[in-house]
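Read the structure below first, then the notes.
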Amino acid sequence: MNGNSPKVIAANAVTISNGIVVTILEPAPANVFTSNPNYIGFGGSASTTGTFAGQGANTHPFSGAPG
């Protein structure tokens with residue numbers, strides 16, 4: 001993911017499939033708001049082997065997602 005704006009991902013479940021890497025090409029990590037973080041590392045539940053790379057991600061509760 002790249003571009004000039006901060007990356008925000010918000011969903012009840014965020015899943016990165018096994019073996020997939022989502023690279024954040026920003027100066028800051030992505031902000032992920034979810035109740036079910038289905039990925040490894042960066043606050044994920046390690047229920048899959050998918051992960052973030054580059055600047056990575058900060059995982060927050062879904063209830064705190066922006067409007």
- Query: Considering only region 11-28, how many residues are over 9 Å from the mean Cα position of the chain (by Cα) and closer than 17 Å to Phe62 by Cα?
  - Reply: 3
- Message: Cβ contacts < 6 Å: first residue modelled with pLDDT of 95 or more and aliphatic (A, V, I, L, M), restricted to region 39-62; second residue buried (at least 16 other Cβ atoms within 10 Å of the Cβ) and part of a strand (DSSP E or B), any location; separation 6+ or different chain. Result?
- Response: Ile40/Thr51; Ala57/Ala30; Ala57/Val32
- Tell me which residues, restricted to region 18-59, are surrounded by fewer than 16 Cβ atoms within 10 Å (Cβ to Cβ), out of contact with any Ser or Thr (no Cβ under 7 Å at 6 or more places or on another chain) and on the phi > 0 side of the Ramachandran plot. Ala46
- Query: What's the number of the condition Ser47 fails, among (1) under 23 Å from Asn2 (Cβ atoms); (2) among the hydroxyl-bearing types (Ser, Thr, Tyr); (3) more than 12 Å from the chain's Cα centre (by Cα)?
  - Reply: (1)
- Odd one out for Asn31, checked against (1) under 10 Å from the mean Cα position of the chain (by Cα); (2) over 15 Å from Val8 (Cα atoms): (2)
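The values are calculated or read from the model by the stated rules, or taken from the named source; none is laboratory data. Small disclaimer: the values here were computed from a predicted structure and weren't measured. Cβ coordinates were reconstructed from backbone atoms using ideal geometry, including for glycine residues, and neighbour counts include every protein chain displayed.
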